[in-house]
Amino acid sequence: MNAPTTSQPGIARVARPPPSDSLRITRISTSVCNAEMRNWIFVRVETDRPGLYGWGEATLEWKTRGVSGAVDDLAPLIVGEDPRDIEQCVRILTKHGFWRLGVVGMSAVSGIEIALWDILGKDLGVPVWRLLGGRTRERVKVYTHLGLGDMRHVYETETAESLVERALAVIDKGYRAVKVVCIPYTHYHAVNRGVDAVAGMLAQLRKAVGPDIDIMIDFHGRPASVAAAMPFIEACAPARPLFVEEPVPPEDIAGHAAIAARSPVPIATGERLVGRREFEPMLRARAMHIAQPDICHTGGLAEARKIAAMAETAGVGIAPHNPLGPIAGVAALHFDIATPNFVIQEEMSGAVPWYGEVVQGPIRLVEGCWQIPQAPGLGVEVDQAVVARHPFAQEVLHARHAVLDDGTVVDW
């Protein structure tokens with residue numbers, strides 16, 4: 001599916017004389033590329049300067065048509081604005097539509113906002129990370145998932161033997177950190193057999209990879225209560241994970257705070273929180289040790305920077321969520337370079353075999369770390385011919401597996 005493009009003028013405003021270096025947004029459009037588990041949503045913002053445009057990403061699982069439509073709905077608000085006034089454009093997008101935006105609307109805003117940073121960097125001839133405050137590190141540590149992001153391996157690895165085999169394959173590709181999803185679908189209590197299975201799988205994984213490889217365990221919010229989550233966290237502890245992620249559903253602030261106070265391992269959460277106003281009560285409650293904003297959902301690069309500053313004040317590290325497409329990865333790279341409390345970056349460059357063909361970009365993996373890019377803007381270009389070969393399709397509805405033996409629907 002290619003969403004309709006938007007090129008109509010912006011809403012009427014008080015007339016003002018254009019500056020001498022006038023630059024205006026003329027068109028905002030989306031391109032959708034199906035990557036099996038997800039449809040990647042690429043956002044293109046064009047200007048009245050020939051050849052100057054920006055790329056962003058607004059991918060949101062199972063909400064492709066909603067996000068693409070939201071981009072079209074929001075675009076008229078800023079067509080005619082200066083794309084370099086990023087903060088002002090975002091204020092218009094979030095305030096002049098009257099209705100507050102949830103994750104669908106804010107993903108659309110995020111994709112547009114990232115593209116504006118790309119334009120600003122190109123206009124000034126500097127990489128986006130320079131605009132975000134400059135370099136705070138010499139390289140960016142990353143991790144990926146089993147199967148290098150192949151969804152079948154991520155969510156369907158259920159034995160210790162397959163867990164070890166797939167983790168070692170990731171390490172053989174040069175990664176020094178791996179995330180696993182091995183917590184069974186759970187309700188309000190932890191079944192002993194499931195807890196024992198998790199403990200055994202992680203013990204074998206740690207033995208196989210050795211002490212120097214970081215392991216992260218994604219709970220996916222599957223336990224519905226603190227009582228259900230804690231036995232699994234205690235089972236994970238001997239494997240010495242870098243963190244366990246989203247041990248209870250994201251809206252449970254009190255539950256996260258109780259777990260963070262008792263947990264023998266660091267607690268990470270935040271991928272399903274939208275904007276700094278949803279992070280603030282979690283940080284105030286000390287309900288996490290590592291925050292995981294998703295740049296493509298939470299409002300874009302500037303909003304993620306504000307969240308990072310709040311987290312740093314609370315003594316919390318940042319590990320951005322990003323199981324998305326290649327532009328999202330590049331945006332995260334620029335963010336990570338300039339963010340002092342950054343810990344580690346998620347990526348899924350193996351989600352589909354042709355991942356590297358869609359976007360020409362600056363990401364280069366060396367010894368488990370991304371290197372520092374120097375090209376202006378984000379440094380990306382989308383190959384529209386490759387996108388056209390993978391048009392919109394219904395994503396794999398993997399969440400249908402999240403049903404207990406008795407028919408109870410639980411968190412995926």
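The values are calculated or read from the model by the stated rules, or taken from the named source; none is laboratory data. Note that the coordinates shown come from a computational prediction; the quantities given were computed from them, not determined experimentally. Note that each Cβ is placed from the backbone with ideal geometry, even for glycine, and that neighbours are counted across all protein chains shown.
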query: Only one of these conditions is not met by Gln384: (1) more than 28 Å from Leu124 (Cα to Cα); (2) surrounded by fewer than 16 Cβ atoms within 10 Å (Cβ to Cβ). Which number is it?
result: (1)
field: Residue pairs meeting the criteria (Cβ under 7 Å; at least 6 apart or on separate chains; first more than 22 Å from Ala260 (Cα to Cα), in region 299-314; second surrounded by fewer than 24 Cβ atoms within 10 Å (Cβ to Cβ) and small (Gly, Ala, Ser))
entry: Gly299/Gly275; Glu303/Gly275
field: Meets criteria (touching a Phe, Trp or Tyr at 6+ places or on another chain (Cβ under 6 Å) and assigned to a helix (DSSP H, G or I)) for Ala228
entry: yes
query: Restricting region 231-265 to residues that are within 22 Å of the chain's Cα centre (by Cα) and either modelled with pLDDT under 95 or not in a loop (DSSP other than H, G, I, E, B) (or both), which is surrounded by the fewest Cβ atoms within 10 Å (Cβ to Cβ)?
result: Ile253
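Restricting to region 69-100, name every residue that is within 25 Å of Met37 (Cα to Cα), in contact (Cβ under 8 Å) with a residue 40 or more places away in the chain and either among the hydrophobic types (A, V, I, L, M, F, W, C) or in contact with a helix residue (DSSP H, G or I) (Cβ under 8 Å, 6 or more places away or on another chain) (or both).
Val71
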- request: Would you point out the residue of region 121-146, among those that are of a type outside the set (Val, Ile, Thr) and assigned to a strand (DSSP E or B), that is modelled with the lowest pLDDT?
  value: His145
- request: Kindly indicate which of Gly125, Gly147, Gly111 is more than 21 Å from Leu397 (Cβ to Cβ), small (Gly, Ala, Ser) and more than 18 Å from the chain's Cα centre (by Cα).
  value: Gly125
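When the residues of region 204-221 are narrowed to those that are more than 19 Å from the chain's Cα centre (by Cα) and in contact (Cβ under 8 Å) with a residue 40 or more places away in the chain, which ends up surrounded by the fewest Cβ atoms within 10 Å (Cβ to Cβ)?
Ranking the qualifying residues of region 204-221, first place goes to Ala208.
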message: Quick check on this structure: which one of Gly361, Gly377 is at positive phi and surrounded by 16 or more Cβ atoms within 10 Å (Cβ to Cβ)?
response: Gly377
- request: Please go through region 149-167 and pick out each residue that is more than 21 Å from Tyr355 (Cα to Cα) and part of a helix (DSSP H, G or I).
  value: Ala160, Glu161, Ser162, Leu163, Val164, Glu165
Matching residues, region 296-307, being assigned to a loop (DSSP other than H, G, I, E, B) and over 11 Å from Glu271 (Cβ atoms): Gly299, Gly300
statement: Note: among Leu124, Leu132, just one is touching a His at 6+ places or on another chain (Cβ under 9 Å), touching a residue at least 40 places away in the same chain (Cβ under 8 Å) and among the aliphatic types (A, V, I, L, M), namely Leu132
query: Looking only at strands (runs of 3 or more DSSP E) that fall completely inside region 21-115, which ones have 2 or more residues that are surrounded by fewer than 21 Cβ atoms within 10 Å (Cβ to Cβ) and among the polar types (S, T, N, Q)?
result: 25-35
Residue under evaluation Asp118, criteria (1) part of a helix (DSSP H, G or I); (2) surrounded by fewer than 23 Cβ atoms within 10 Å (Cβ to Cβ), criterion not met: (2)
task: For region 121-169, enumerate the residues that are surrounded by 14 or more Cβ atoms within 10 Å (Cβ to Cβ), of a type in the set (Lys, Arg) and more than 29 Å from Pro373 (Cα to Cα).
output: Arg166
- request: Would you please name the residue that is farthest from Ala229 (Cα to Cα), looking only at residues in region 173-207 that are among the basic types (Lys, Arg) and in a helix (DSSP H, G or I)?
  value: Lys207
